[in-house]
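Down below is the structure, laid out as structure tokens.
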Amino acid sequence: MAHDREVAGIRCTDVLAGLSEYLDGELPADQVSRVEAHLARCDWCERFGGQMAGVVRALREQLVRAPEVPGDVERRLLERLAEEPQ
Amino acid sequence: METPDALTPTDQALLERIAKGDRRALGIFATRHQGSVLRYARSLCRSEEQAEDALQQTFVDVLRGAASWSGRGPVRTWLLTLTRNAVYRGARRRSGEPAHFVPLQELGELAGWGADPETLAGGSLDRDRLRSALAGLSGASREVLVLRELEGLSGPETATLLGLSLAATKSRLHRARLELAAALRPEEVTDGP
């Protein structure tokens, strides 16, 4: 196992389990304070949490815009819809 | 309800027009949403051809279903549900899903939890690298990331679309993020369990 220790009353594995909910602001308030106390004193989890936040942020920023639909795909779509009976 | 600018009708207004047989409204609606629909279809399909079939079928289903659209809930959630249904009607069953369940801790370790800092995902997380990593994930992971992170659906909307509980949807999203982080680690890292 990589590491797992109890810091600020919560184990690293529990921080890992709740990390996405923490990043999304969906963790209950009492758990947020415990996770943040853990992160403040656990370099491993703080570093990993920062990495996960960076990956999620990059995904949203870089790929949020839907790719251009190729012109021929759009043309075939509109042709199909024009042919479709009501 | 129309927006103040009549040239940019809302989705709801377009659906009302489509329900009355307005093909021009259908064209506007399709052009507006085709990018999102195609991206989602690609996340579910194994080929570009299947994704294009699902794209077309989605908007055919919009034409057929506009009159019965309830008006409750976001249009985009309804639209992407039509896409999902179109994909499954075409393929019946998605293949390529992971055959075994990887424990969360193991997924975390693959993503670099507890590893040396230089082996974590990082560097330039540019569009091509992210797109490639996303494409390499399992279908279920790719799907939930597209819905939540790219299409911006809420947790409850995503859960409804996937037919899962909210808790199961959150779990799937968390595991998908870990899979993505693992895929973005430097190639020379081989210290997984």
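The values are calculated or read from the model by the stated rules, or taken from the named source; none is laboratory data. What you see is a predicted model; the values in this text were computed from it and never measured. Neighbour counts are summed over all protein chains in view; Cβ atoms, including those assigned to glycine, are modelled from backbone coordinates with ideal geometry.
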* Pair list, Cβ < 9 Å and 6+ apart or interchain, from the range A:23-35 residues that are within 14 Å of residue B:148 (Cα to Cα) to residues that are surrounded by fewer than 16 Cβ atoms within 10 Å (Cβ to Cβ) and small (Gly, Ala, Ser) -> A:23/A:53
* To do: For residue B:46, indicate whether it is part of a helix (DSSP H, G or I) and either surrounded by fewer than 21 Cβ atoms within 10 Å (Cβ to Cβ) or more than 10 Å from chain A (Cβ to nearest Cβ) (or both).
  => no
* Looking at (1) at the interface with chain B (Cβ under 7 Å from one of its Cβ atoms); (2) more than 30 Å from residue B:124 (Cβ to Cβ); (3) at pLDDT 95 or above, which is the one condition that is false for residue A:84? -> (3)
* With respect to residue A:35, is the statement that it is hydrophobic (A, V, I, L, M, F, W, C), farther than 30 Å from residue B:18 by Cα and touching a Gly at 6+ places or on another chain (Cβ under 7 Å) true? -> yes
* Could you list, in sequence order, the residues of the range B:129-147 that are charged (D, E, K, R) and within 9 Å of chain A (Cβ to nearest Cβ)? -> B:129, B:131
* To do: Give the residue that is nearest to the chain's Cα centre (by Cα), with candidates limited to residues of the range A:39-56 that are more than 9 Å from every other protein chain (Cβ to nearest Cβ) and either closer than 22 Å to residue B:23 by Cα or aliphatic (A, V, I, L, M) (or both).
  => A:53
* Asked: Any chance the range B:50-62 includes a residue that's crowded, with 16+ Cβ neighbours inside 10 Å and outside any helix (DSSP H, G or I)?
  -> no
* Asked: Here are B:71, B:65: which of them is away from every other protein chain (no Cβ under 11 Å), in contact (Cβ under 8 Å) with a residue 12 or more places away in the chain and in a loop (DSSP other than H, G, I, E, B)?
  -> B:71
* To do: Would you mind stating whether residue B:30 is assigned to a helix (DSSP H, G or I) and farther than 25 Å from residue B:147 by Cβ?
  => no
* Asked: residue A:69 passes all but one of (1) in contact with a Gly (Cβ under 6 Å, 6 or more places away or on another chain); (2) under 30 Å from residue B:41 (Cα atoms); (3) not in a loop (DSSP other than H, G, I, E, B); which number fails?
  -> (3)
* Structure fact -> Restricting attention to the range B:109-119, the residues that are within 9 Å of another protein chain (Cβ to nearest Cβ), in contact with a Leu (Cβ under 9 Å, 6 or more places away or on another chain) and at negative phi number exactly 2
* Please tell me if residue A:59 is more than 9 Å from chain B (Cβ to nearest Cβ) and either over 18 Å from residue B:179 (Cβ atoms) or in a helix (DSSP H, G or I) (or both). => no
* Which of the residues spanning the range B:133-160 are under 20 Å from residue B:121 (Cβ atoms), aliphatic (A, V, I, L, M) and without any contact (Cβ under 8 Å) to a residue 24 or more places away in the chain? -> B:135
* Would you point out the residue of the range B:34-62, among those that are among the β-branched types (Val, Ile, Thr) and without any contact (Cβ under 8 Å) to a residue 40 or more places away in the chain, that is nearest to residue B:141 (Cα to Cα)? => B:58
* Structure fact -> Scanning the range B:148-174 residue by residue, the ones that are more than 9 Å from chain A (Cβ to nearest Cβ), surrounded by fewer than 18 Cβ atoms within 10 Å (Cβ to Cβ) and in a loop (DSSP other than H, G, I, E, B) total 4
